[in-house]
Amino acid sequence: MNMSDNKLFNPEFLQHGYIQIYTGNGKGKTTASLGLAMRALGRGWKVLIVMFTKGGNNYGELKSFAALSPDLKDKVKIVQAGLDRIVYSGNISNDDKQQIQMGWDIAKKAIQNDEYKLIILDEANIALDLNLISLDDMLKVLKNKPENVEIVLTGRNAKQEIIEIADLVSEIKPVKHYWDKGIQARKGIEF
């Protein structure tokens, strides 16, 4: 077999950007995407992270990214598109809608303008599930993304239509969790 026939060694496939989804009820979806962001930064990629439904400054990852060396910090942009509270179907406010729409507008523009090599849409699946981002709009943007842009969507309840166009889907399932014993979210582990 000629190595250039193999997709693993073909430069065309190495430069192509794919759509990834990390979904499911288990812990680790955001963590996995942020690990990918660190890997991409280490390779000199420009990275955009839009954190839907997450506001406030009590996230350890925000502190870590802020402390990056100047050359890495210049390659990453983080946008928080949410209020400092948990959003669910019964408490959605106009402020939630405005924050999430602002984040989606930034992400959409960045995708369409080919500004970043990796774009992480953290908790986008939740925003879609709560109808805070239009599914049709998301599908249109993803289907028309530039060839070389890698896009990652995280969050529970990934829409089947998004799963169908994705290239990689990981469903994280809980097997056992210390929350079942009443242990609260811990600094440095959950946030």
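Laboratory data are not the source of any read-out in this text; all were calculated from the coordinates shown. Just so you know, these numbers come straight off a predicted model, no measurement behind them. Positions of Cβ are generated from backbone atoms using ideal geometry, with glycine treated the same way; all protein chains shown enter the neighbour counts.
Things worth noting here:
- Against the list (1) in contact with a helix residue (DSSP H, G or I) (Cβ under 7 Å, 6 or more places away or on another chain); (2) farther than 24 Å from Lys187 by Cβ, the condition Gln101 fails is (1).
- Matching strands (runs of 3 or more DSSP E) fully within the stretch 104-179 where at least 1 residues are more than 22 Å from Ile78 (Cβ to Cβ): 168-171
- Scope the stretch 20-38; condition assigned to a helix (DSSP H, G or I) and over 14 Å from Phe191 (Cα atoms); matching residues: Ser33, Gly35, Leu36, Ala37, Met38
- Condition check for Glu123: over 15 Å from Ala32 (Cα atoms) and not small (Gly, Ala, Ser): no
- Checking each residue in the stretch 39-61 for being under 14 Å from Gly82 (Cα atoms) and either among the basic types (Lys, Arg) or in a helix (DSSP H, G or I) (or both) picks out only Lys54.
- Any hit, the stretch 52-72, residues being among the aromatic types (Phe, Trp, Tyr), over 25 Å from Asn157 (Cα atoms) and without any contact (Cβ under 8 Å) to a residue 60 or more places away in the chain: yes
- Exclusive hit being touching a strand residue (DSSP E or B) at 6+ places or on another chain (Cβ under 7 Å), over 14 Å from Lys54 (Cβ atoms) and surrounded by fewer than 17 Cβ atoms within 10 Å (Cβ to Cβ), set Ile163, Ile92, Ile151, Ile119: Ile163
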